[in-house]
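One structure is given below, encoded as structure tokens.
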Amino acid sequence: MSNTQKAMALLIATFDKYAGKEGDKNTLTKGELKELLQSEFGDMLGKASDKEALDRLFKGLDTNQDNSVDFNEFTNLVTCITVMCHDHFCKK
């Protein structure tokens, strides 16, 4: 597999690892998202334990307002973080 294909497979595997622990295997609940953020992003996003910040992030990701984050909504988060990292490192 190419590096891009590996990255895609890792995104899918990461989403699947956390989705469905509390219900639907195709979506993340707020609790599942919190666990994913803490485990996979660490301090990169600040404090995932900050309830207010997590609520705002969840609401922003949940574009269809179904009170869960699906894979498409999750990839929006990863894409935004990736673009910000790219911009940061390209400026140096």
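The values are calculated or read from the model by the stated rules, or taken from the named source; none is laboratory data. Note that the structure is a prediction, hence the values are computed from the model and not measured. Note: ideal-geometry Cβ built from the backbone for every residue, glycine included; neighbour counts use all protein chains shown. Remember, those area values only see protein heavy atoms, side chains included, never the ligands or the DNA or RNA. Shrake-Rupley method; radii C 1.70, N 1.55, O 1.52, S 1.80 Å.
For the chain, hydrophobic long helices are taken as DSSP H runs at least 24 Å long by C-alpha position along their axis with mean Kyte-Doolittle hydropathy of 0.0 or more; these are 71-90.
Counting only protein heavy atoms and a 1.4 Å probe, tell me what percentage of the chain's accessible area is made up of carbon and sulfur.
Within the chain, the accessible surface is 55 percent carbon and sulfur.
Note that the chain presents 69 Å² accessible area per residue, ligands and nucleic acids not counted, probe 1.4 Å. Given (i) 33, 27, 19; (ii) 65, 31, 22; (iii) 39, 33, 24, which label gives Cα extents along the principal axes in Å as computed from the coordinates? Read-out taken from this structure: (iii). Taking the Cα centre of the chain as reference, the dipole from Cβ charges on Lys and Arg (+1) and Asp and Glu (-1) amounts to some 340 debye. From its DSSP helices (H runs of at least four residues, each -39,500 (n - 2.57)), the chain gives a residue-normalised ellipticity at 222 nm of -19000 deg cm²/dmol.
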